[in-house]
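Step one of this worksheet: look at the structure below.
Rule-based calculations on the coordinates, nothing more; no lab input. This one's a predicted model, so the numbers in the text were calculated from it and none came from an experiment. Ideal geometry is used to build each Cβ from the backbone, glycine not excepted, and the neighbour counts take in all protein chains shown.
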Amino acid sequence: MEEPLCCCEYVDRRGQRNHLAACCCDCEDLDEGCERWLTCKSLSPGTLERIADTVADRVRVPWFAGAVKVNVSLVPPLVLLPVFLHVAALHFLLGLVILTSLPVLVLWYYYLTHRRKERTLFFLSLGLFSLGYMYYVFLQEVVPRGHVGFSQVVALTCGLILMLAALSRAKKDPGYLPIPASNEKSSHQGLPNKSVRGSSNGLRGVTMSGTASGRAVNGEAKGYSRMSAGEPEGVKKDWCAKCQLVRPARAGHCRLCGRCVRRLDHHCVWINSCVGEQNHQAFILALSFFMLTSVYGITLTLHTICRGRTPFVALFYCPGAYSDYSSALSFTCVWYCAIVTAGMGYILLIQLLNISYNVTEREARLALRDNTGRRLLGGLVIDTGQYNRGFLCNWGHFLSLGSSPPQRSAEDIV
């Protein structure tokens, strides 16, 4: 019988017992990479990927029953965000460079993970830590100046709590279609031994049997065939070769989650989950609460550090912002919040327009691919015309999502 693991021991991805003290030992790929870098030679294919997998496996913290693995994507926001904001508060030009570079870096990382079809906790941790850190700066630097009343702090706190509650609801089941028992059993038998990159919830790399093939668009599974024989007239259903089930109308397969979702809108990296029939309302509610809370917090902060100016004018012209470090840090955080709020506001605008035309993000992308949709409002919305029943009816349909009785199990349909 094996001895239990001590707090600093763990079983690595190769199944071998290891110790935290040896985290820098026995890494041939890293040694080879350093040697090639020093000799100005190119790395062999897959070296960087193997180094990243090794580092991700060895980043652990001591725990009672053995060292616990830490998701590497959680670390950069926790460490770099405060450092960048404090450095940006040192001088106006530093703030300009850093606040311009941050959105570029975030977008670059998004396209990198999107191209690799990986799930990551980076964006969720960045969003949550940004909220917490902005609230901390507000309480530490803005409130003590005496220009923010108790009721205003309570209102801001309530908005933050409501936003987190809506976000928690949006993180729950988006409307996953049940996997047939036979397929679930075979999927367990067919799982590869190779570790899956990204978060532990991803099913990337799992391949199911299926003969039909197709293109993947916004999470659409490769390999599904349309089945229309024997279906009720006017009801469109798809056969998903990945999940081995018949999808109801407007459902789609998410290649990041590895599941089919009812009325799939898109996979949102900011909540690390899909947005579907069951959580779309909570997603819109979380975005709305975020916008209101963020704008209110920005307004209170600008009224405090830039007295006598309207928030919009103070955002671009605040002579005393860099008179002391506290004001400079608050002003830098205001601009950071403004940039994030602008991005989230654009997402909310697109969502509200899509709801008004009763079209999902997935359907809009498919319509663009097949040239079956109309660009409206300068291309902000794609009207497929398939489910559009007018503004009021469309919103009534959206507000009733999740209230209809559950559909028949996929096992009964197949």
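Quick notes
- Kirkwood Rh in Å, taken over all unlike Cα pairs in the range 101-141: 11.6
- Three-way shape label, the range 67-115, alpha-carbon gyration tensor, a/c 1.5: oblate
- Using the Cβ-Cβ distance between Thr47 and Leu90 with R0 = 35 Å, the FRET efficiency computed as 1/(1 + (r/R0)^6) comes to roughly 0.40.
- Under the simplified labelling scheme, the Thr372-Asp31 pair shows an inter-label distance of 5.8 nm, with each label point 7 Å from Cα along Cα→Cβ.
- Placing a label point 7 Å from the Cα of Trp108 along the Cα-to-Cβ line, no residue of the range 338-352 has its backbone N under 14 Å from it.
- Stretchable slack from Arg389 to Ile161, in nm (0.36 nm times residue separation minus alpha-carbon distance): 78.5 nm
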